[in-house]
Amino acid sequence: MYRWEKIDNNKVCMEIEVPPEEVNNALRQAYHKMVKDMVVPGFRKGKAPMKVLESRFGPEIFYEDALEILVAPAYSSAVSESKIEPISQPEMELVQIEKNKPLIFKVTVDVKPEVKLGQYKGVTVDKVKREITPEKVDSYLNSLREQHARMAAVEDGEAEHKDVVVIDFRGEIDGKPFEGGEAENYSLEIGSGTFVPGFEDQLLGARKEEDREVRITFPEDYSKEELAGKEALFYVKIKEIKKPQLPELDDNFVQELTEEFSTVEELKADVEKRLKEDLYQREKVSLESSIIEKVADEAEVEVPDALVDREIENMLGEFDYYLRMQGLSLEQYGKIVEGGLEKLKEERREEALLRARANLVLDAIIKEEGIEATDEEIDEKIKEVIGNQDADVEEVKEQFSRQGRLDIIAHEIRYRKVIDLLVEHANIVEVDEEEAKTEVEQSEAEVDEENTPGEAEKLPEEAGGNDKE
C-alpha cells in the first residue's frame, strides 16, 4: 500500500506501507541470518531463541537486516503501480518498524517531468546541399602526400610554417640560466606547438647559421611552477633548415601507400567513394540533430537538474574514454587544467541541458506514438552487437538481461524508430551551400547590429552632447 503527492513539478514524496505479516517474516529471516554466529550463555552457538535475543539486545537488533529485505521490493512495487518514472536515487525516511505492525517509510525522489508536446510531425528544417567535388578529392590526396613528405635540408631559404629547424638554444630568466632551458641540435617543427606559445613564431623567416633572440612569457598554468608567469630570453642558433618534400602523386606513390590499389585513378575513385560515404553520414546526423532540436523547441518541459547532471556525467564519461585513448585519465586531466573537474562540468552544462531536454521530448513522442521494440528487432540488434549471426540468441539475451543490457538495447531501438519517424514526416528544404553561408553571415551581421548601441544608448560625449557644466 502506498500514498504519494507532488512536492513540486519534478519531485514526489511516497509513503509506503508493508503489511505486518511481511514485517514479521522479514524479522524472522533477519534472526536466522544473525543467530548463526551468536554465542549466548546457556545456549549452544547459533541456538538462542529469537525472544532471548530480543530481550537481551532489544528488538532493534533485527531492524537493519529486515529493512534490507523489505524496502527495495516495496519501493519497486509502489513505483510500478503508481507509474511514476524516477530519475534520481530515492531519499528514505523511516517512519515505523515494529513486530506485529506495518512497516511505514517515506521516499522522496525526482521523477521524469511532464512534457507538453508541440508540433513534431511536419517541422521544416533546412538541409545544406553539399557535394564531393574534384577539388575536395585532390585536397584529400594532397593531405596524403603531406603525411608522407620527406624532410630535406636546404642551404638557402627562410624557415616557414611546417619546416623543421635544427637549433641550439640557451634560455635565461633575469640573466640567469634555468633547468631545462638549454639544448643542442634540437629538431623543432615550426607550428607544432611543441614549445611555449610565441617561441616557434619568432623563428619564422630565419636563415641557416642565423642567431636569434626569442623572448617569451611562460603561461600562468605552466607545469613547472618555478617558471609559471615568468619572462625568459632565449639565445637561438639556427644550424639547419629542413623543408618537406612532397612525393609525386603517381602510380609508384600509390603502390607504396597501399597494396589495395595500383594506379592513381583507382586510388582517386576509392577516395571519392569514401568521402561521399562520410559526407552522407555527417549530413544524416546533422539533419537528424536539426529536426530533434526543432521538435524539442516546440515542446514545453521543465528539465530537472538531476537529468542535466546525469547528462554531464555521460559527457565526461565520453571525454574520459577519449583521454584514455591518449594515455590520460579524466582525473589526471582535471588536475592539470585550470578550474579542475568542476570547470569541465560547468562548460558542458548548457549542452547537457539541450541533450536532456531532447531526450525527454523523444521519450514523450515514443509514448504518444506507442513505439515499441519487438522481440525480432531485439534479436537482430543482439546479433549485430555480438557480430555473430549463428550465436544462440536466447542464451545471449538471458545474459544481457542479467546485465541490464537488454533494456539498453530496447531503448536504442525505440530511439532509432522515433528519429526515423520524425525524419520521415519532416519538411526538408534543400539549401545551396553558398546560399546557406550567405544566410549565416547575414544572421551574424543582424546580431552584431542589434548589439550595437543606438544614439539614445550612447554616452553624451559619443552622441556629440556635453553634460558637463
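Coordinate-derived values only; no laboratory data. Source: prediction; values computed, not measured. We place every Cβ from the backbone using ideal geometry, glycine too, and count neighbours over all the protein chains shown.
Where the centre of each part is set by its Cα atoms, how far does the stretch 85-132 sit from the stretch 331-352, in angstrom?
Each part reduced to its Cα centre gives a spacing of 26 Å.
Report, in debye and to the nearest 20, how large the dipole of the chain comes out about its Cα centre when Lys and Arg carry +1 and Asp and Glu carry -1 on their Cβ. Each step should come with its number before you reach the end.
Details: 65 positive and 117 negative charges, 725 e Å.
Here the size comes out at about 3480 debye.
Cα gyration tensor of the stretch 1-60, axes a ≥ b ≥ c as square roots of the eigenvalues: rounded (a/c below 1.5), prolate (a/b > b/c) or oblate? Please list the in-between numbers first.
Numbers: a/c = 4.11, a/b = 3.48, b/c = 1.18.
Prolate.
If you put +1 on each Lys and Arg Cβ and -1 on each Asp and Glu Cβ, how big is the dipole of the stretch 1-112 around its Cα centre, in Debye rounded to 20?
It comes to approximately 640 debye.
Pull out the extension gain between Ala152 and Lys176, defined as 0.36 nm times the separation in residues minus the alpha carbon to alpha carbon distance; nm, one decimal.
On the way: separation 24, 0.36 × 24 = 8.64 nm, distance 3.59 nm.
Result: 5.0 nm gained on full extension.
At a Förster distance of 41 Å, what's the computed FRET efficiency of Leu117 paired with Val39, Cβ-Cβ distance as r, to 0.05? It would help to have the intermediate numbers written out before the result.
On the way: r = 65 Å, r/R0 = 1.58.
In this case the efficiency is close to 0.05.
Report the charge-dipole magnitude of the stretch 283-429 in Debye, nearest 20, computed about the Cα centre from +1 at each Lys and Arg Cβ and -1 at each Asp and Glu Cβ. Present the calculation step by step, with values, prior to reporting the outcome.
Details: 20 positive and 39 negative charges, 107 e Å.
For this selection, approximately 520 debye.
So which GluC sites (Glu not before Pro) in the stretch 356-399 are both in a DSSP loop and have at most 15 other Cβ atoms within 10 Å of their Cβ? Don't jump to the answer; show the numbers that get you there.
On the way: sites: Glu368, Glu369, Glu372, Glu376, Glu377, Glu380, Glu384, Glu394, Glu395, Glu398; in loops: Glu372.
Hits after loop and neighbour filter: Glu372.
Need the list of lysines near Lys273 for cross-linking: C-alpha distance under 16 angstrom, and skip anything on the same chain fewer than eight residues off.
Lys136
Check each of the GluC sites (Glu not before Pro) in the stretch 213-243 and keep only those in coil by DSSP with at most 11 other C-beta atoms within 10 angstrom; list them in order. Write down the numbers at each step before the final one.
Working: sites: Glu213, Glu220, Glu225, Glu226, Glu231, Glu240; in loops: Glu220, Glu225, Glu226.
Passing sites in the stretch 213-243 are Glu220, Glu225, Glu226.
So how much slack lies between Glu351 and Asp221, counting 0.36 nm per residue of separation and subtracting their Cα-Cα distance, in nm?
Working it through step by step, the gained length comes to 44.1 nm.
May I ask you to list the GluC sites (Glu not before Pro) in the stretch 87-144 that are in a DSSP loop and have at most 10 other Cβ atoms within 10 Å of their Cβ? Working shown, then result.
Working: sites: Glu91, Glu93, Glu98, Glu114, Glu131, Glu135; in loops: Glu98, Glu114, Glu131.
Sparse-neighbourhood loop GluC sites (Glu not before Pro): Glu131.
Which one, (1) 385; (2) 133; (3) 244, gives volume of the Cα convex hull per residue in Å³ as derived from the coordinates shown?
Here the calculated entry is (1).
Going Cα to Cα from Lys47, which lysines come in below 28 Å? Please leave out same-chain ones fewer than 8 positions away.
Within reach: Lys33, Lys36, Lys99, Lys101.
Taking a ≥ b ≥ c as the square roots of the eigenvalues of the Cα gyration tensor of the stretch 283-429, is the shape rounded (a/c under 1.5), prolate (a/b larger than b/c) or oblate?
Numbers: a/c = 2.07, a/b = 1.19, b/c = 1.74.
Oblate, since a/c reaches 1.5 and b/c is not below a/b.
Using only Cα atoms, tell me the angle between helix 375-386 and the longest principal axis of the chain; keep it within 0 to 90° and round to the nearest 10.
Value to nearest ten degrees: 50.
In terms of the Cα gyration tensor, with a ≥ b ≥ c the square roots of its eigenvalues, is the stretch 72-211 rounded because a/c is under 1.5, prolate because a/b exceeds b/c, or oblate? Each step should come with its number before you reach the end.
On the way: a/c = 5.00, a/b = 2.09, b/c = 2.39.
Here the stretch 72-211 falls in the oblate category.
Calculate how steeply helix 264-298 sits against the longest principal axis of the alpha-carbon atoms of the chain, using the helix alpha-carbon long axis, and give the answer as 0 to 90 degrees to the nearest 10.
The helix 264-298 is inclined about 50 degrees to the chain.
For helix 393-403, what angle does its Cα long axis make with the longest principal axis of the chain, in degrees from 0 to 90 and rounded to 10?
It works out to around 80 degrees.
Number of Lys pairs in the stretch 150-245 with C-alpha atoms less than 19 angstrom apart, excluding same-chain neighbours closer than eight positions?
Counting lysine pairs in the stretch 150-245 gives 12.
Would you mind checking which residues have amide H under 5 Å from Phe178's amide H? H placed 1.01 Å from N; only 5 or more apart, or other chain.
Residues meeting the criterion, in which the H sits 1.01 Å from N, are Gly171, Ile173.
Would you mind computing Rg(Cα) / (2.2 N^0.38 Å) for the stretch 2-110, counting N as its residues?
Numbers: Rg = 16.9 Å, N = 109, 2.2 N^0.38 = 13.1 Å.
With N residues counted in the stretch 2-110, Rg over 2.2 N^0.38 Å equals 1.29.
In nm, to one decimal, how far is the modelled label at Glu412 from the one at Ala269, with both set 7 Å along Cα→Cβ?
So the label points at Glu412 and Ala269 sit 3.5 nm apart.
Using Cα positions and a limit of under 21 Å, work out the lysines in reach of Lys343, with same-chain residues fewer than 8 apart set aside.
Lys335
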